[in-house]
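Here's the structure, in structure tokens; my notes come after.
The values are calculated or read from the model by the stated rules, or taken from the named source; none is laboratory data. Just so it is clear, the model here is predicted, and its values are computed rather than measured. Neighbour counts are summed over all protein chains in view; Cβ atoms, including those assigned to glycine, are modelled from backbone coordinates with ideal geometry.
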Amino acid sequence: MKKLTTKVLKGGAVLTSGTLLSRILGFVREILAAAFFGGGRLYDAFVIAFSIPALFRRILGEEMFERAFMPPFERLRSQGRAGMARHLIIRIFLILTLVLIVLTAVLFFFMPALVSFLAPGLSPETAGEAVLLGKQILPFLILISFSTLTGAVLLFSDRKAVYSTAPAVMNTVIILVLLAFHRHLGITALIIAYLSGAGAFFLFQLPAFFKVMKSLKRNEPENGKDPLNHSLKESSRIFVTALANKGVEVVDRMVASLVGFGAISSLWYSFRIVQLPFSIISLAINRSIAPELSRLRGSRNYRDFGTLIHLGFDFNLFLLVPVTIFFMAFSREVITLFYFRGAFTLAAVDRTSLAFFYYALAITPMGLIALLNRIFAAFENNRAPMRVAVFGAVLNVFLDFILYRTPLKQGGIALATAISIFVQVLLLFAALHRYPVRLRYRRILTTFGQLAFALIFFIPVLIIGKILMPETLHFLPLLLWLGGIAALAFLLYGTVTYGFLRSRRTEKMKVVLTGGGTGGHVYPSLSIYRILLEKNRIYQVRYWGIRGRAEEMIVPRANIPLEFVPAAPIAGGSPVAKLRSALTLFRGTLTAMGKLLRFRPHLVVAAGGYVSAPVVFGAYILKPFLKLKIVIDEQNMVPGLLNKVASTMADAVLVNFKESTYFMWSNRCVYTGYPVRADYLEPETDIPSLRKKLGIPQDAFLVVVSGGSMGARAINRCLADAVDRLAEQRKLFIIHSIGMNRTAAYNALEDTTDRLAASMGENFDRKTLECRRKDGSVFYRGSDYYHDLCRYQQAADLLVCRAGAGALAESMALAKPTILIPKRGLPGDHQELNAISIAEQGAMEVLFEEADPQSGTDRIPVPLFLERIRELMENEARRLSLGESAGRLFFRHASERIYTAIDRVIKGNEIEGETQIVEPRFVRFQRTFDNLIRFLDHHASKKDNLYVRFYNIKVHEYLASGKPLTVNKGIKLIGSLKRVDLYPFIYENFDTFQGYQKRNALAALAKADCFHEPFQPLVERGLRDSYFETRREAIALFNRFHKQLREEGIHRQILKLMKKQMESFEVKAEAIRAAVRILDQDVFLKEMEPVLFARNIRYREALLDAIRDGLALHRFENRETVRNFLKRMLITTSQFQPSFTVRQRFITTIKKLEEDSRD
Amino acid sequence: MIKLLVDALMGNGMNIGVLRLVNYLSFRVIMGMVTSLLFALTIGFRFIVFLYRKKLRDVSGDISAINAFGKRGIPTAGGLLVMLSVTFSILLWGDLTSRFTQVLLAGFLYMGLVGFIDDFQKVRFKSSLSGLSQLGKTLLLLLFIVPFALFLVSALNPVPEPLRTVIFIPFLKNPVLNLSAGLYIAFVIFAVFSIINAVNITDGLDGLLGGTAILTIGVYMIFAYIIGNAVYAGYLLFPFVAGTGEIAVFGAVLIGALFGFLWFNTYPAEVFLGDTGSLAIGGAIAMMAFLTKQELLFPIVGGLFVFEIFTSLLQQKIGGRLGRRIFHRAPFHHEMTHRGIAEPKVVVRLIIVSILLALIALLSLKVR
């Protein structure tokens, strides 16, 4: 496809440059004519006279020779039958000569009749002039006819250069003669100019023509069907078509002569401008497409044929529509600019711009007609175009006669032309159905959509330009304004359309990998690279990372060229630091754009880490121009901010956790799983020999502890502190990957060795990093980095690791029992909660870090750690089940999924994003803390529930925070987890609490299993509190423990609140519920009398609650009285619970489905 | 666009009687309203489905989060529908060369865009708490409000010079204050920002903002029509400002679009306005108030909005600092539902209050 495009474009370029020159010169010719002879009577006469040879030139040149005689010529030539081709040309030459002799004679003698036919409205003297001029110009007809024949031969013999420069030569001669003689000879100068121009035209082509004829001279037997007969038959149709097309111009002129003075020349001049872009752009494209079309049709390659048609269609539309709009918007200005000088008056400007405005409408359809005619010509069937053209001509004439009477005048005639051409386009499109050309309507729609989009950048510029443009008639300011507006508008438009018109598609790609900072981002992008490499889809590759980070060590080992892009993380830090990193990000984006423009990749793979952000931004900006695709790989369950932003720009987001789709802003998330390194995918079967190789005792219980490539402080310290007690475990063997962190804050190796030495004393060897038991056997071996950690893990019985994405996926891939130690204090506690969600499925053990009360650093409680290890050592069944579930959870098809997704993206297919967005439970808990509280209320008794375990640790942190809202959370947790040991916190601080905290404290206590003595003063204080919600909760607490609470004025206070005028209805409603516990039946009913008709519905609801409570508590002796009492109650109300039937049914259906799936 | 086209055609000789209709303001006002209404009705359902499929749903969770009573999972950002209808209709019927139309449309669409960013973030985070931060939203809004304020005092404003910085008080004939440009700018920024937020906060019940905003915009539309008509303005003793008729066209188009939206948004809602709609509408109301020079009419005609934001601010700012609630629920419409009044009833009652306020505001046309 690419070749086809280039070929057409190259041919077009040669033609265009030639045509451009000649058309511009022709246009200069018109401008000069306008200046010398004006737009009045005299020029009207010339236009009429000249229209006859012009008509023949167009019919013969652009239509008949190129479309009827040349396709067979081309076919003969390409079949190698040069002699036949030459013969054909000679015969055409003879026929043409014959026709011309007859025609000239007829025209000469019948000129007056012809003129009066062509221009019935002309005044007698003008008509006389026209007859004279018409006779004088007849030699031009002969010369130009021969020249067009030679021209057509040259065009089809790949001598496009000569062919396209010849008209330029003609126009130059005409202009020179005009300039020389117009003063002396008047209108006769015009005749002389044209005649000499045509002569030059013919002579210029002659040498090249003879050369072609000579090259065709070859002896060969003449056989086969004579193509000329067929061509002649065709040519008659083409003649009619062309006559209908071009003849319309003549008819237009006939009608225009009825409109009045100057109308003919106004149509003529305006049509010249309209033709300028049409001929330059459209003819060039359509002409260069024509031979290609014939070739493809000959080889019956209809697929490329269709593509080529689309291409022509697109080019015509994209190039001509904006020109149309521009001309219509600036019709008057354009006319003034080109013609307003010399003999061309302001009135002539008015007349001409009116016609021009409507003629501009015809530009695009004209281009399309030219294209369509050539398609039909390629099928060597010219019947449909002929019929359509005749129909169009009739329509045009009909409309002419209707519209010229309207105020539009000559504008109406132009409008008629535009309408009829447009109708012809539609008809021809319809006629195209009969041919084996399958047009893709989606593609046409896309073209229109893209065109509309591009015009958004075009039209506003015109409107603004039009509004701002000053009124002026002077050439220079007008030229500058128009030129400026046009340049700006077309520049914008062109920038946008350039991307649309470029298309490329290859199997092998240039790929940019990016992402980094830590190995956790580098390894996945390398995995994706390997997946693509395996499928042989990589042509070239680059890795763009940050200087001085993990990628600088890892990437060169994979033999990938590494380059650097400036980047910085946005989150955290002071506003100044944020600003600085934003600037770095901006710089990085520019750098990335520069690199992208140089490398021109097809695909950008970003694997997270902040370096990927500038690259993705840059790629996104350049996307329309480079046609690249962006794929993001997100390993973490909760992506960072930059990744979320970047995800909106990606064509696909590959996620490791289904839950990630929930956080991503993109709708194009594809669940692929984590692309673990290949080592992890092959389970090692021969563990004994592996252990032998690694130097680990066969019968040992091997624990591999690793905190990631950088190392984890809490894990290292915990292990170092526990190591002396672990020594007591016989059979235990520990491999410890300490990590390479060497920052000032934490130097992993140094810190760990110090601590190991402290706890093991002499039994620790600093050189080999080994610990020995008292009996001398080695049970601990450490290293700052194991290159073959995977081997150790394969040989292990138990793994201890962080809950990061990579570590998780790796231990799941190995299907080993694992203790996860999630990192504490990450945003939203996500690593902890993430670990919980996996542990919930029975696949991992979790050990939570906690804050050290003194220093505040993270730590792992050593006893707990020891206990977990011991437990798992002893319980083999548990180990097996953990390993098995972990293996089950691992998603093994990551590489296939990733490849399919990338392949789809590259092919431009839509990505089917994950539709089912799973809301992680921890998100629900974080979104509304009360969700968590409700959950914990139900599960508080289950001490081994992971959430209960986690929040039992967390509650201390909340209470210690000092921020009212966080303390508030802690208070809620106290109640929910029933932490009786923390109740004193409430007792002691109650008076210092804020309103919310008091309320929640009382609510928390109400959840207690049994009454505690300190509740008594709290209820009393709560009832007297100034905050209504505290009072409400105090009454609620009373309701919960009313039997245990001593009276001591509480009852009186509650009843007082119930009757108080200015009390919140919430408190009063709660008090009503309390009243049934306080009062006897009779008093209660008496007090409740007004509540029966209370205006606020909440009171009545409370009363009903109270009565139900009373029944449960056996407070009523006589149920009948209560029943009669209640009968009087007002139960009309506006409160109601709407329910959506469709949702109700949806839920029952889903429930049913879920039940069935469980069976 | 139609006006531009007709002008172009007439300029080129196509002087047809029917086309002259377009030059009548009342014709364009009504056609604009009808067009935006019909446009909204035509594409409404399809648009809702589109939003639903694009997962622009209100705080949507997984299937288990759906219940038969709640409103979870209903498409939000329905303000896009309003924006689309308004844009379509105003492009057809508005005079695009009028500075009023340009400013109104630009502001309206920009505010909508800000709201959409907010909505989009909420939807992506699946939480009503996680939209744009307060600061971010404020900054984004100021990005339009400040240029708008500068525009009001600059020579670009079609309102004649002596009127630009004066302030009228309803029920009084003559302007009471003539502020300096700096003060006036500060006033505009404060007032526009407050109005937008007030309107934004009122969007909480099905059909509430739609219903009340129609009345407010209607009042301003009438004012704009009168001020832009030399005869009526003279009769009612308003300063005549040429071209404010275009504000009336915009108002009419917006009303039409809101009616079209209300068709779907009324209780029980099929689609929510979202911040997209409420910010855009708020912006439009604020701009109309200032362009018609009826800034101080807003506390009357938009009294409901003012009251709503008042309760909300009191609860949030003062209550939050004290650590306790001041109202049971805020803003006020939530207090009403909390007291047990059903949602549709609350909406109708508040609309009735709005009608009352609108009538009082219209009284100031004559009682001056």
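Can you give me the ranges of the helices (runs of 4 or more DSSP H) entirely in segment A:375-465 with at least 2 residues that are hydroxyl-bearing (Ser, Thr, Tyr) and more than 20 Å from A:Phe313 (Cβ to Cβ)?
Correct list: A:410-431.
Taking helices (runs of 4 or more DSSP H) that fall entirely within segment A:935-1003, which contain at least 1 residues that are crowded, with 20+ Cβ neighbours inside 10 Å and within 50 Å of the chain's Cα centre (by Cα)?
Those helices (runs of 4 or more DSSP H) span A:946-960, A:964-977.
Would you pick out the residues in segment B:1-34 that are surrounded by 15 or more Cβ atoms within 10 Å (Cβ to Cβ), part of a helix (DSSP H, G or I) and within 12 Å of chain A (Cβ to nearest Cβ)?
Matches in segment B:1-34: B:Leu4, B:Asp7, B:Leu9, B:Met10, B:Leu19.
Could you please find all residues in segment A:636-674 being hydroxyl-bearing (Ser, Thr, Tyr), more than 14 Å from every other protein chain (Cβ to nearest Cβ) and not in a loop (DSSP other than H, G, I, E, B)?
If the condition is that a residue be hydroxyl-bearing (Ser, Thr, Tyr), more than 14 Å from every other protein chain (Cβ to nearest Cβ) and not in a loop (DSSP other than H, G, I, E, B), then A:Tyr671 is the only one that fits.
Determine which member of the set A:Arg587, A:Arg600 is on the phi > 0 side of the Ramachandran plot and surrounded by fewer than 22 Cβ atoms within 10 Å (Cβ to Cβ).
Within the list A:Arg587, A:Arg600, the selection yields A:Arg600.
Among the listed residues A:Thr406, A:Thr417, A:Thr447, identify the single one that is at pLDDT below 80 and not acidic (Asp, Glu).
One residue alone meets the criteria, A:Thr406.
Just one of the numbered conditions (1) out of contact with any helix residue (DSSP H, G or I) (no Cβ under 8 Å at 6 or more places or on another chain); (2) within 14 Å of another protein chain (Cβ to nearest Cβ); (3) of a type outside the set (D, E, K, R) is not true of A:Phe327; which one?
Unmet condition: (1).
Could you check, for segment B:341-348, whether at least one of its residues is at pLDDT 90 or above, crowded, with 18+ Cβ neighbours inside 10 Å and in contact with a helix residue (DSSP H, G or I) (Cβ under 7 Å, 6 or more places away or on another chain)?
yes
Return the only residue of A:Leu702, A:Leu749 being assigned by TED's automatic domain parsing to the domain that holds A:Arg879 and either at positive phi or surrounded by 20 or more Cβ atoms within 10 Å (Cβ to Cβ) (or both).
A:Leu702
Residues that are within 19 Å of the chain's Cα centre (by Cα) and of a type outside the set (Gly, Ala, Ser): find the helices (runs of 4 or more DSSP H) completely inside segment B:218-324 holding 1 or more of those.
B:245-265, B:274-291, B:298-301, B:303-313
Does A:Pro683 fit the bill of being at pLDDT below 85, crowded, with 20+ Cβ neighbours inside 10 Å and within 43 Å of the chain's Cα centre (by Cα)?
no
Going residue by residue through segment A:74-92, is there one that turns out to be modelled with pLDDT under 70 and surrounded by 22 or more Cβ atoms within 10 Å (Cβ to Cβ)?
no
Please find, among A:Ser811, A:Ser881, A:Ser895, A:Ser837, the residue that is crowded, with 23+ Cβ neighbours inside 10 Å, not assigned by TED's automatic domain parsing to the domain that holds A:Pro639 and not in a loop (DSSP other than H, G, I, E, B).
None of the other options fit; the residue is A:Ser811.
Can you tell me which residue among A:Ser759, A:Ser709 is modelled with pLDDT under 85 and in a helix (DSSP H, G or I)?
Exactly one residue qualifies, and that residue is A:Ser759.
Name the pairs whose Cβ atoms lie under 9 Å apart, with the first residue in segment A:762-778 and polar (S, T, N, Q), the second loosely packed, with under 10 Cβ neighbours inside 10 Å, and 6 or more positions between them or separate chains?
A:Asn763/A:Lys774; A:Asn763/A:Gly776
What number of residues within segment A:830-864 are farther than 26 Å from A:Arg888 by Cα and either at pLDDT below 80 or not acidic (Asp, Glu) (or both)?
Here the count works out to 13.
Being away from every other protein chain (no Cβ under 14 Å) and modelled with pLDDT of 85 or more: is that true of B:Gly94 here?
No; evaluated as a whole, the condition is false for this residue.
Search segment A:1115-1148 for residues being in contact with a helix residue (DSSP H, G or I) (Cβ under 6 Å, 6 or more places away or on another chain) and aliphatic (A, V, I, L, M), and hand back the single one that is nearest to the other protein chains (Cβ to nearest Cβ).
A:Leu1130
Just the residues that are in contact (Cβ under 8 Å) with a residue 40 or more places away in the chain and not in a helix (DSSP H, G or I), please, taken from segment A:1059-1090.
Within segment A:1059-1090, none qualify.
Can you pull out every residue in segment B:327-346 that is closer than 13 Å to A:Glu1066 by Cα and more than 7 Å from chain A (Cβ to nearest Cβ)?
Across segment B:327-346, the qualifying residues are B:Phe327, B:Arg329, B:Glu335, B:His338.
Hey, could you check segment A:394-433 for residues that are more than 17 Å from A:Leu243 (Cβ to Cβ) and of a type in the set (Gly, Ala, Ser) and say which is farthest from the other protein chains (Cβ to nearest Cβ)?
Here the answer is A:Ala431.
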